[in-house]
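First up is the structure itself, then whatever we jot down about it.
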Ligand code: ADP
């Protein structure tokens, strides 16, 4: 049968995957488009209570936190429509993907690996045991008071919840007063979560100084293939850690890049991540690369739009190809530099309008501006918030030119934000 440059069989029938999604994710469309392109059937599942199933007729509705129930539902689905793989689009489905894959005998990371990659305390324990550069760390229950915490840590430190993502609740603290304020804030955040029942509840760890990078990779039988290394040219020094610009390829020297890949591979092996996508954040200083976090999923938000492989294949295509046993050897990174800016939230309030989008899109090298925040909805910055205003994409001949274009485009955007008074306070 004829195949394209990456070995695709154009007449479809290339497999069936279950995609675990959430109502909040931006990732589903890219996976579905990639599946269509590959002739893979993507069955979409969504993390919702069963009562809402009628509102999502195109989805299999599953409660990801009811692991036994969800695994049984996936097994029943598999009986009628056999699956080749179960993939999660973000962290929320990683435990279910691993558990259901194990139950159905499908290739996936072991459930224990998904557990370690989802729980920041577990991850630190596993990495320390494996001899990967690890900051000091301590786990605490929600009831721990700040004086007790202050007695066992030193400054600067980072306070973080065990299972949130997107830098939510992650705060740098430089002294006892800062620790007291940060813990009060974190406790309020965690207590407000209906599903909150972890014990221990939060982690305090050493602040790792240095520049930060993000590595996007694919694991195959434990071997790491680096798909992209992103520099993060804006300093991320706290007190909160809002992502802004990602640019690839990295401008770091080749030996530093090799050390980053080696550290990620060691961390993946220690965590038991052996197959499928890996997304890792690392910091670099005179003591080498430090793993901040690694997860068995691909990059979040709309950031994957920056990546192109071989003959215009997307990151999602590579992930689906691997999941369905299609060849990925032709998947070399596209030649150009590319970047994305996650547009930061300038202040809390109600988003009333955004001006300058056309002017921003007119900047050379800018591929597009996508606003994801909704007009007349509240904007909540970190550490409590969980989203960005949107994304700016650029592509060009050099990382420096791409970064400059992103900054220029961002400078042309104007956000109108008015004060927000929650109903309970008026
Ligand atoms: P999340 O999973 O919510 O993104 P992370 O643990 O990855 O949480 O932390 C988010 C960001 O906070 C990191 O990308 C990094 O910039 C910063 N950060 C987290 N832990 C540390 C640390 N120990 N030292 C320095 N910065 C940190």
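Read-outs throughout are calculated quantities, based only on the coordinates presented, and are distinct from any laboratory measurement. Everything numeric in this text was worked out from a predicted model, so none of it was measured. Please note: Cβ atoms are built from the backbone with ideal geometry, for glycine as well, and neighbour counts cover all protein chains shown.
Things to note:
- When the Gaussian network model of the chain links Cα atoms closer than 10 Å, the mean-square fluctuations of 266, 414, 118 top out at 414.
- Net lengthening on full extension, residue 147/residue 67 (0.36 nm per residue, minus Cα-Cα): 25.1 nm
- Per residue, the average separation of C-alpha pairs within less than 8 Å and at least 6 apart gives the chain a relative contact order of 15 percent.
- Sorting 136, 146 by the number of Cβ atoms found within 10 Å of their own Cβ, with the fewest placed first, yields 136, 146.
- Nitroxide proxy distance, nm - points 7 Å out along Cα→Cβ at residue 358 and residue 421: 3.6
- Segment 229-350 - convex hull of the alpha-carbon atoms, volume per residue in Å³: 148
- Ranked 363, 173, criterion: other C-beta atoms within 10 Å, fewest first: 363, 173
- Per-pair calculated FRET efficiency, R0 = 30 Å: residue 199 and residue 76 via Cβ, rounded to 0.05: 0.35
- Viscosity 1.002 mPa s, temperature 20 °C, Stokes-Einstein D of the chain from Kirkwood C-alpha radius, µm²/s: 95
- Relative contact order (%) - criterion: Cα under 8 Å, at least six apart; region: segment 143-201: 31
- Spin-label model, residue 374/residue 36: points 7 Å from Cα along the beta carbon direction are separated by 2.4 nm.
- Counting only Cα atoms, segment 278-426 measures 59, 40, 35 Å along its principal axes, largest extent leading.
- Cβ crowding within 10 Å ranks 202, 240, 393, 421 as 421, 240, 393, 202, fewest other Cβ atoms first.
- For segment 78-125 and segment 143-189, distance of Cα centres in Å: 30
- Cα gyration tensor category, rounded, prolate or oblate, for segment 1-134 with a/c compared to 1.5: oblate
- Prolate/oblate/rounded call for segment 130-260, Cα gyration tensor, a/c under 1.5 rounded: prolate
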